[in-house]
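Below you'll find the structure, written out as structure tokens, and then a few comments.
The values are calculated or read from the model by the stated rules, or taken from the named source; none is laboratory data. Just so we're clear, the structure is a prediction, and the values are computed from it rather than from any experiment. With ideal geometry, Cβ positions are generated from the backbone for all residues, glycine too; neighbour counts draw on all protein chains shown.
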Amino acid sequence: MSQVTKAVIPAAGLGTRFLPYTKAVAKEMLPIVDKPALQLIVEEIVASDIREILIITGRNKQNIENHFDRVYELEHILEQTGKFDSLKIVNEITDMADIHYVRQKEARGLGHAILCARYFVGDAPFAVLLGDDVVYTGDGTPCLKQLLDCFEQKQKTILGVQRVDRDKVNKYGIVTAGRSEGRVHEVISLVEKPNVEEAPSNIAVLGRYVITPEIFTYLETQEPGAGGEIQLTDALMKMCRDHGMYAYEFEGKRYDIGDKLGYLEATVEYALRDPVLSDGFKAYLKKISSKL
Ligand code: G1P
């Protein structure tokens with residue numbers, strides 16, 4: 001049985017929805033309270049028992065590499081001043097996983113970004129997590145682990161999905177589902193960002209995938225699709241026809257942090273869950289909401 005030991009995080013997008021912040025800073029480094037969103041994604045991967053991670057970066061993304069690297073001066077000062085709790089936080093980030101990087105030289109779409117991972121991945125199934133999608137599962141099973149458990153049974157590509165509001169289907173890859181068993185649906189077809197009127201369902205692919213390596217053959221010849229970009233969804237669609245695939249309706253609260261409102265929702269809800277901040281923040285929210 002194939003085991004998944006590698007994960008890929010495409011983080012080369014230009015972040016145009018978050019300008020001007022993203023002019024010089026990677027959008028994946030937006031803070032959710034005190035952690036960059038990308039760290040939450042890496043933590044989900046590690047909690048799902050994968051330690052080999054490839055981050056696909058681009059220009060203006062050096063702060064990503066810095067975040068997961070050692071900072072000797074800071075570590076030294078924290079040690080000298082006895083701030084061992086902070087030192088632990090800093091060291092844990094560096095020791096969490098083996099992180100590799102490759103640069104996508106041109107912003108040619110998600111499919112093209114994944115193609116940049118082919119030498120890292122080799123001939124084995126791999127996980128893909130998109131930096132815009134943060135999934136909170138609390139004490140439950142991490143989102144990626146849920147997909148990996150499904151992959152173990154099916155041994156075919158698994159798409160992480162949830163149902164979205166009908167009027168939002170044009171933001172996502174949308175699945176036409178066949179036979180279903182509980183949370184697992186057979187995928188009949190896939191379409192990238194359909195019009196609201198034409199969407200085959202409201203089952204949306206939400207930034208989590210376990211993909212078999214045949215995808216690279218399809219990506220190599222994939223023509224640009226929606227938005228003039230080489231779309232992962234289009235290559236997956238062709239692969240689905242030839243090899244079959246499943247969609248898994250994962251449990252967890254998913255935030256679209258690439259969207260300003262989604263980002264604000266994530267920030268507020270993570271702050272409300274923070275044991276240190278929660279009481280004070282709740283009192284503040286109550287105070288201002290009475291004036292809204
Ligand atoms: C990408 C994918 C899309 C998926 C979405 C999830 O779109 O192309 O299929 O549903 O992520 O967030 P993007 O949001 O990068 O435009």
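Key figures for this structure:
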{"quantity": "Qualifying residue in the range 242-249 (condition: more than 29 Å from Arg108 (Cβ to Cβ), small (Gly, Ala, Ser) and within 16 Å of the ligand (Cβ to nearest atom))", "calculated": "no"}
{"quantity": "Filter result (within 13 Å of the ligand (Cβ to nearest atom) and part of a strand (DSSP E or B)) within the range 104-146", "calculated": "Val128, Leu129, Asp133, Val134, Val135"}
{"quantity": "Residue ID - farthest from Pro125 (Cα to Cα), chosen from residues in the range 193-204 that are surrounded by fewer than 20 Cβ atoms within 10 Å (Cβ to Cβ) and either polar (S, T, N, Q) or within 11 Å of the ligand (Cβ to nearest atom) (or both)", "calculated": "Asn195"}
{"quantity": "Top-ranked residue of the range 178-192 - restricted to ones that are more than 15 Å from the ligand (Cβ to nearest atom) and not acidic (Asp, Glu), ranked as surrounded by the most Cβ atoms within 10 Å (Cβ to Cβ)", "calculated": "His185"}
{"quantity": "Enumeration of residues in the range 182-226 that are of a type in the set (D, E, K, R) and within 23 Å of Gln3 (Cα to Cα)", "calculated": "Arg183, Glu186, Arg208, Glu214"}
{"quantity": "Conditions (1) of a type outside the set (Val, Ile, Thr); (2) at pLDDT below 95; (3) surrounded by 15 or more Cβ atoms within 10 Å (Cβ to Cβ); number of the one not met by Gly82", "calculated": "(3)"}
{"quantity": "For Leu54: the one exception among (1) within 13 Å of the chain's Cα centre (by Cα); (2) within 16 Å of the ligand (Cβ to nearest atom); (3) not in a helix (DSSP H, G or I)", "calculated": "(2)"}
{"quantity": "Matching option when the condition is surrounded by fewer than 14 Cβ atoms within 10 Å (Cβ to Cβ), within 14 Å of the ligand (Cβ to nearest atom) and in contact (Cβ under 8 Å) with a residue 60 or more places away in the chain, among Gly227, Gly207", "calculated": "Gly227"}
